[in-house]
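Asker: Sharing a structure here in structure tokens format.
Bear in mind that the values in this text are calculations on the coordinates, not laboratory data. Keep in mind that this is a model prediction, so the values were computed, not measured. When we count neighbours, we look across all protein chains shown, and the Cβ atoms used for this are built from the backbone with ideal geometry, even at glycine.
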Amino acid sequence: MKGPFGLLRGTSDPGLLRPAIARAVGLGVLWLVLAGGNPVDLAPGAVAALAATWVSLQFLPPGAVSVRPASLAGFTFRFLRQSVVAGVDVARRALDPRLPLHPGLVVYQTGLPPGPSQHMFTTLMSLLPGTVPTGPAPGSGLLIHCLDVEQPITAQLAAEEALFSSAIGWKQDNG
Amino acid sequence: MRFALDALTIFAVAAGAFFFLAGTVGLLRFPDALSRVHALTKADNLGLGLIVVGLLFQTEGLLAGLKLVAVWLLALLAGAAVTQLIARIAQAGGPRV
């Protein structure tokens, strides 16, 4: 008979228990922050936290990324700054009477492996200035839609990828 | 002190509303679906962030502040994820917007 967490991946992996409990606690706290501590809400909160833990283990298996706090701090600061740059850039272009846009598609070669880390990077990319990922391209390429193809898009993305890789503990030369 | 906090709130929330307006102008003026996606994600991300920052000056207690920040982060995550799906469909020649 498999334990309750054995159902998650079809094996009784004792290494899964600790990350599963840590995530369930974290998601439970998130529920408490969002919904408040009303006793009536606790039962649905527990169900929601367990369901979210199950989904999280499916899509981001433990060990896929290992966040490094020091890199994460620098990364977060840069992310906030880039969010401001991105918003100001769009606002400037939208409100300029001449509508200064040079939209187009650019192929960017990523060093990140396909899977969770690449998905996280494309999610981040859609919040960065001037880029929206629109799908895969041949090889390890990502198709990127840019508001202004005259900007040095691929160089900027390479710099972002280096910071991101460092924050999630992925070394480019591993692959 | 109260006045200073209120002034910061008014400034940050007004700035946030400005970016929502700019994003909406972009949605109307930008020429194609993919460009419009840019206008909505980037401007609304910053707009919502500024409104959250403004409201943080009015919160009582840590829990209310954490809740505001959590709402912003969840909206960011949802926006960034859905943006890619819409962009992928638009690029694949989906319905013209």
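Asker: Suppose a student asked you for the relative contact order of chain B, using Cα pairs under 8 Å spaced at least 6 residues apart; what percent would you report? List each step's numbers first, then the result.
Answerer: Numbers: 87 pairs, mean separation 32.3, N = 97.
That works out to 33 percent.
Asker: Moving to a separate point now. Quick check: Cα centre of the range A:110-175 to Cα centre of the range A:23-59, how many Å?
Answerer: What the calculation gives is 31 Å, centre to centre.
Asker: Shifting gears a bit: Let a ≥ b ≥ c be the square roots of the eigenvalues of the Cα gyration tensor of the range A:7-119; is it rounded (a/c under 1.5), or, if not, prolate (a/b larger than b/c) or oblate? Each step should come with its number before you reach the end.
Answerer: Working: a/c = 2.60, a/b = 1.67, b/c = 1.56.
Cα axes put the range A:7-119 in the prolate bin.
Asker: Under the definition of Cα pairs under 8 Å and six or more residues apart, what whole-number percent is the relative contact order of the range A:13-169?
Answerer: 25
Asker: Here's a follow-up. Please state the charge dipole magnitude for the range A:69-174, taken about the Cα centre, from unit charges on C-beta atoms (+1 on K and R, -1 on D and E), reported in debye and rounded to the nearest 20.
Answerer: Here the range A:69-174 has a charge dipole of around 180 debye.
Asker: Continuing with the same structure: How big is the charge dipole of the protein assembly as shown about its Cα centre, in debye rounded to the nearest 20, if each Lys and Arg gets +1 on its Cβ and each Asp and Glu gets -1 on its Cβ?
Answerer: 220
Asker: Further, regarding this structure: Can you put B:Arg36, A:Arg78, A:Arg93, A:Arg18 in order, fewest other beta carbons within 10 Å first?
Answerer: By the 10 Å Cβ count, ascending, the order reads A:Arg18, A:Arg78, B:Arg36, A:Arg93.
Asker: Next question, about the same structure. Ranked by Cβ crowding within 10 angstrom, fewest neighbours first, how are B:Ile89, B:Ile10, A:Ile168 ordered? Spell out each step's value before the answer.
Answerer: Working: B:Ile89 15, B:Ile10 12, A:Ile168 19.
Ascending number of Cβ neighbours within 10 Å: B:Ile10, B:Ile89, A:Ile168.
Asker: What is the calculated FRET efficiency for A:Ala46 to B:Ala64, with r their C-beta to C-beta distance and R₀ = 25 Å, to the nearest 0.05? Don't skip to the answer; put the middle values down first.
Answerer: Values: r = 23 Å, r/R0 = 0.91.
Efficiency at R0 = 25 Å is approximately 0.65.
Asker: Run lengths n ≥ 4 of DSSP H only: what is the helix-derived mean residue ellipticity at 222 nm for chain B, with -39500 (n - 2.57) per run over all residues, to the nearest 500?
Answerer: The per-residue figure over chain B is -30500 deg cm²/dmol.
Asker: So if I place +1 on the C-beta of Lys and Arg and -1 on the C-beta of Asp and Glu, and nothing else carries charge, what would the dipole magnitude of chain B be about its Cα centre? I want it in debye, nearest 20.
Answerer: Roughly 280 debye, rounded to the nearest 20.
Asker: Please give the calculated 222 nm ellipticity per residue for chain A, where each DSSP H segment of at least 4 residues contributes -39500 (n - 2.57) and the sum is spread over every residue; nearest 500 deg cm²/dmol?
Answerer: One gets -17500 deg cm²/dmol as the mean residue ellipticity at 222 nm.
Asker: Which one of A:Val88, A:Val65, A:Val106 has the biggest mean-square fluctuation once chain A is modelled by GNM with Cα springs under 10 Å?
Answerer: Among A:Val88, A:Val65, A:Val106, the largest GNM mean-square fluctuation belongs to A:Val88.
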